[in-house]
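Participant: What follows is a structure written as structure tokens; I'll ask about it next.
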């Protein structure tokens, strides 16, 4: 793709989050929104009005828009149940696709999307906006220096009492299916390791306002022998963690603690050989080593750059399926009570 070409974008699914996508695109040179699609046409019309999009095609059907204007890119902001069909149709029409998570409703569907992208020779990536956070990128950069050695153990805690109302209250496996992929993907990002197996226990506390599965504990075996544990609840009142979870990462030469926010603590072994080793505090740089730190905006900008530079996106479907596999394997383990091998 030539750098001077204008990329023409159709956005599908005009709910509240779509505003962030549109605002980002409007700030990018050489990118133009040419279509808005929503099963509720009035939602698409409202988005066009709010964002002053006066020359866009609006429809309730993606098929109609694809046939009419043949866009270069489709942004899939539909509800999770519609991700697979929307992405598949866009890829088969020759469009690059950036989709909200989860990429699909099953691993089989996810594999089909990856195959469709490969057949069409198009880029397909998933919105994992939490990778594009300044603090996780600070943590990742320090771990990559190797000063602590190779990670052996990683623990994450997620405790928030989230009163959403609506469809989440009735979802099965609500924590694992709707939220845990963010934390699982963060674990893969921080460690550079991929999942091998999982044992998961899931339950719904007596005081839960959810129908099913608001709490879970999972133990993952990762490549390289690393063990990653996840503890989480969406009905934990008091002492909440951040949405990015609370982390401890352990290596032979020291440990890192990250609260999911700005607090990043590292201690490195300074003297060993006694009953207890001595440690020194390490100052981690206060800023990320790159500028990809603006959540959704950075993820979208990076995807567009990948199209122009003909390179693979950081959250390409071929990579993101590994995080999705962690979710479905954890659910299978919770349902069967058995350790589950992970494949994708």
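Participant: Can you give me the number of residues within the stretch 294-325 that are surrounded by fewer than 17 Cβ atoms within 10 Å (Cβ to Cβ) and part of a loop (DSSP other than H, G, I, E, B)?
Facilitator: Selection size over the stretch 294-325: 3.
Participant: Also, I was wondering about something else. Among the numbered conditions (1) in contact (Cβ under 8 Å) with a residue 60 or more places away in the chain; (2) outside any helix (DSSP H, G or I); (3) farther than 30 Å from residue 283 by Cβ, tell me where residue 176 comes up short.
Facilitator: Result: residue 176 fails condition (2) only.
Participant: Right, another one. For residue 1, which of the numbered conditions (1) at pLDDT 95 or above; (2) not assigned by TED's automatic domain parsing to the domain that holds residue 99 fails to hold?
Facilitator: (1)
Participant: Okay, moving on. Give 98, 88, 36 a once-over and let me know the one that is over 24 Å from residue 297 (Cβ atoms), in contact with a helix residue (DSSP H, G or I) (Cβ under 7 Å, 6 or more places away or on another chain) and surrounded by 16 or more Cβ atoms within 10 Å (Cβ to Cβ).
Facilitator: 88
Participant: Please enumerate the residues belonging to the stretch 144-171 that are touching a residue at least 24 places away in the same chain (Cβ under 8 Å) and within 20 Å of the chain's Cα centre (by Cα).
Facilitator: Correct list: 154, 155, 156, 157, 158, 159, 160, 162, 168, 171.
Participant: Might you check whether a residue that is surrounded by 15 or more Cβ atoms within 10 Å (Cβ to Cβ), in contact with a helix residue (DSSP H, G or I) (Cβ under 9 Å, 6 or more places away or on another chain), closer than 29 Å to residue 76 by Cβ and modelled with pLDDT under 95 occurs anywhere in the stretch 253-268?
Facilitator: No, that holds for no residue.
Participant: So which residues in the stretch 49-87 are part of a strand (DSSP E or B) and either outside the structural domain of residue 35 (by TED's automatic domain parsing) or within 27 Å of the chain's Cα centre (by Cα) (or both), if there are any at all?
Facilitator: 73, 74, 75, 76, listed by residue number.
Participant: Exactly one of (1) without any contact (Cβ under 8 Å) to a residue 24 or more places away in the chain; (2) surrounded by 12 or more Cβ atoms within 10 Å (Cβ to Cβ); (3) within 29 Å of residue 113 (Cβ to Cβ) is unmet by residue 336. Its number?
Facilitator: Against the list (1) without any contact (Cβ under 8 Å) to a residue 24 or more places away in the chain; (2) surrounded by 12 or more Cβ atoms within 10 Å (Cβ to Cβ); (3) within 29 Å of residue 113 (Cβ to Cβ), residue 336 comes up short only on (2).
The values are calculated or read from the model by the stated rules, or taken from the named source; none is laboratory data. If you're wondering where the values come from, they're calculated on a predicted model, not measured in any experiment. Glycine also receives a Cβ, built like all others from the backbone with ideal geometry; neighbour counts cover every protein chain displayed.
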